[in-house]
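Asker: Provided herewith is a single structure, encoded as structure tokens, for subsequent inquiry.
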Amino acid sequence: MSRDELRAFCLEFNASTEEFPFYPDLSVFKVVGKVFALSALDDEPLKVSLKCDPDEALRLRAAHPEIVPGWHLNKRHWNTVTVPGLPSRTVRELIEDSYDLVAGLPKAQRLRLDRP
């Protein structure tokens with residue numbers, strides 16, 4: 001997934017916006033004023049920080065060396081993902097899960113929406 005694809009995918013979600021409240025080169029993607037993704041899109045390798053269910057965050061970190069506790073974020077609820085190390089589909093699912101968590105969908109609904 002390229003930086004342009006990552007930005008476009010984050011902006012596809014309902015009511016999502018891209019803002020720059022911290023630094024001019026740090027894209028902060030929000031839904032209804034709440035952050036669901038952060039990325040310095042020009043950095044190499046491309047990384048994105050995403051909100052995650054705490055139990056799922058631990059599972060993902062154990063399964064993928066490309067997923068680590070969120071950099072400068074609450075390590076219990078945020079992961080930082082090195083994008084080039086994972087399939088695009090996986091990165092998209094992680095972004096979608098982050099959006100759903102922040103947008104407020106209950107866990108039962110999120111689980112029903114999971115793609116095979």
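Asker: Restricting attention to the range 97-112, report how many residues are modelled with pLDDT under 90 and in a helix (DSSP H, G or I).
Answerer: 7
Asker: Does any residue in the range 57-75 that is modelled with pLDDT of 95 or more come within less than 8 Å, Cβ to Cβ, of a residue that is among the charged types (D, E, K, R) six or more places away or on a different chain, and which pairs are these?
Answerer: From residues that are modelled with pLDDT of 95 or more, the pairs are Ala57/Arg76; Ile67/Arg61; Val68/Arg61; Pro69/Arg61; Pro69/Lys75.
Asker: Considering only residues that are at pLDDT 95 or above, of a type in the set (Ser, Thr, Tyr) and over 11 Å from Ile95 (Cβ atoms), which ones fall in the range 3-48?
Answerer: Answer for the range 3-48, where residues must be at pLDDT 95 or above, of a type in the set (Ser, Thr, Tyr) and over 11 Å from Ile95 (Cβ atoms): Thr17, Ser27.
Asker: Six or more apart or on different chains, Cβ under 6 Å: which pairs go from a residue in the range 31-43 that's part of a strand (DSSP E or B) to one that's of a type in the set (Ser, Thr, Tyr) and at pLDDT below 90? Could you list them?
Answerer: none
The values are calculated or read from the model by the stated rules, or taken from the named source; none is laboratory data. Nothing here was measured: the structure is a model prediction, and the numbers come from that model. FYI the Cβ positions are ideal-geometry reconstructions off the backbone, even for glycines, and counts take in every protein chain you see.
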